[in-house]
Amino acid sequence: MINAIIFDFGDIFINLDKPATISGLQKLGMTEWNNDFDQLNLSFEVGAISPEDFIGGFQKQLPNVSKEDILKAWNAVLADFPFYRLEFLQELSKKYRLFLLSNTDSIHINTFETKSGVSFYKDFYACFEKVYFSFNMGMRKPDPKIYQFVLNENNLVAENTLFVDDKKENTDSAATLGIKVWNLLVGNEDVIDLYKKNII
């Protein structure tokens, strides 16, 4: 029986507009998202580099672009967070132990908190026993160690835990540990469809 649920954040609760960041960077002169940008992003997501070093990495390849313009393009991915999802989560938190586990960076989280306002993000975080962000953990999904860490730290039993994420590589990895999973198909499903899935 499921008694705990671990949720991803992006495209589960907050909607993401991934093409907006790419097109924003292209307008600044980026020709393609190359391996250097990939490594920069991965390093930032596990907290291995500072926001300044992250922005500096972009400026090396886009030398005439301001920090503000890079930040604007980087944050363009963050779209809306429908209030009905927060209401759903608040109801769910009365019945289950809830956790948030997100591959994200400090710039995106600071921007989310600023845009949504203190009242909203505090109500959101309050639904969870613990909030886990990759940049604070030094590891990221789909590394199985990140799921094992959350299980161990909270005395969760894998078979009694559900993990919800929109990326199949992440749910596949969690499933290898015996965790029940829902690979949510963005655009076809919404997190509030959880009860219809007959998995809890």
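The values are calculated or read from the model by the stated rules, or taken from the named source; none is laboratory data. All values derive from a computational prediction rather than experimental measurement. All Cβ positions, glycine included, derive from the backbone under ideal geometry; neighbour counts span all protein chains shown. Ligands, DNA and RNA are excluded from the accessible area calculation, which covers all protein heavy atoms including side chains. Shrake-Rupley method; radii C 1.70, N 1.55, O 1.52, S 1.80 Å.
Let's see how each residue does on (1) of a type in the set (A, V, I, L, M, F, W, C); (2) on the phi > 0 side of the Ramachandran plot; (3) modelled with pLDDT of 95 or more; (4) over 22 Å from the mean Cα position of the chain (by Cα):
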| residue | (1), (2), (3), (4) |
| --- | --- |
| D69 | no, no, yes, yes |
| A73 | yes, no, yes, no |
| L78 | yes, no, yes, no |
| F83 | yes, no, yes, no |
| F88 | yes, no, yes, no |
| S93 | no, no, yes, no |
| F99 | yes, no, yes, no |
| T104 | no, no, yes, no |
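Mind counting the residues in region 53-100 that are open to solvent by 90 Å² or more (accessible area, probe 1.4 Å) and outside any helix (DSSP H, G or I)?
4
If I filter region 131-143 for residues that are over 17 Å from F9 (Cα atoms) and either more than 17 Å from the chain's Cα centre (by Cα) or buried (at least 19 other Cβ atoms within 10 Å of the Cβ) (or both), do I get at least one hit?
So far as region 131-143 goes, no, none of its residues is over 17 Å from F9 (Cα atoms) and either more than 17 Å from the chain's Cα centre (by Cα) or buried (at least 19 other Cβ atoms within 10 Å of the Cβ) (or both).
Check whether at least one residue in region 98-121 is without any contact (Cβ under 8 Å) to a residue 24 or more places away in the chain, under 30 Å from M1 (Cβ atoms) and not aromatic (F, W, Y), and report yes or no.
No: region 98-121 contains no residue that is without any contact (Cβ under 8 Å) to a residue 24 or more places away in the chain, under 30 Å from M1 (Cβ atoms) and not aromatic (F, W, Y).
Which one is most open to solvent (accessible area, probe 1.4 Å), of the residues in region 15-40 that are of a type in the set (S, T, Y) and assigned to a helix (DSSP H, G or I)?
S23
From the residues in region 156-200 that are among the polar types (S, T, N, Q) and farther than 17 Å from F13 by Cα, which one is most open to solvent (accessible area, probe 1.4 Å)?
N198
So G47 clears everything in (1) surrounded by 17 or more Cβ atoms within 10 Å (Cβ to Cβ); (2) of a type outside the set (A, V, I, L, M); (3) outside any loop (DSSP other than H, G, I, E, B) except one condition, right? Which one?
G47 satisfies every listed condition except (3).
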